[in-house]
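Worksheet for the structure shown next.
The values are calculated or read from the model by the stated rules, or taken from the named source; none is laboratory data. None of these values were measured; they are calculated from a predicted model. Quick reminder, even Gly has a Cβ in these numbers, built from the backbone with ideal geometry, and neighbours come from all protein chains shown.
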């Protein structure tokens, strides 16, 4: 049985720090501005079906917007 060998380099550490900073930043934004972020998930194009005993919610536009923002952030980070 071979053990999985994980090699760590400086890039992995840098990426972990960046991911941690992004999570902390998102937490701060949500904590202080939660009342102003009510529109997230209620954009035009988000699919919502509510019936008597059934709810279906698919935030299509919200996911597209989040994907665009994350893609721009990653592209910006790779540039520097």
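Within the range 60-73, track down each residue that is surrounded by 11 or more Cβ atoms within 10 Å (Cβ to Cβ) and either in the same structural domain as residue 19 (by TED's automatic domain parsing) or within 12 Å of the chain's Cα centre (by Cα) (or both). Steps first, answer last, please.
Going residue by residue through the range 60-73, those that are surrounded by 11 or more Cβ atoms within 10 Å (Cβ to Cβ) are 60-66, 70, 73.
Once the filter is applied, which keeps residues that are surrounded by 11 or more Cβ atoms within 10 Å (Cβ to Cβ) and either in the same structural domain as residue 19 (by TED's automatic domain parsing) or within 12 Å of the chain's Cα centre (by Cα) (or both), the range 60-73 yields 62, 63, 64, 65, 66, 70, 73.
Report, ordered by the first and then the second residue, all pairs with beta carbons closer than 7 Å, sequence separation of six or more or different chains, a first member in the range 2-29 that is under 13 Å from residue 77 (Cβ atoms) and outside the structural domain of residue 78 (by TED's automatic domain parsing), and a second member that is assigned to a helix (DSSP H, G or I) and at pLDDT below 85.
Once the first residue is under 13 Å from residue 77 (Cβ atoms) and outside the structural domain of residue 78 (by TED's automatic domain parsing) and sits in the range 2-29, its partners that are assigned to a helix (DSSP H, G or I) and at pLDDT below 85 give 18/77.
Could you please give the count of residues in the range 21-46 that are touching a strand residue (DSSP E or B) at 6+ places or on another chain (Cβ under 9 Å) and either part of a helix (DSSP H, G or I) or modelled with pLDDT of 85 or more (or both)?
Adding up the residues that qualify gives 1.
I'd like the full set of residues that are under 16 Å from residue 67 (Cα atoms) and under 12 Å from the mean Cα position of the chain (by Cα), limited to the range 25-43.
Hit for the range 25-43 is 26, nothing else.
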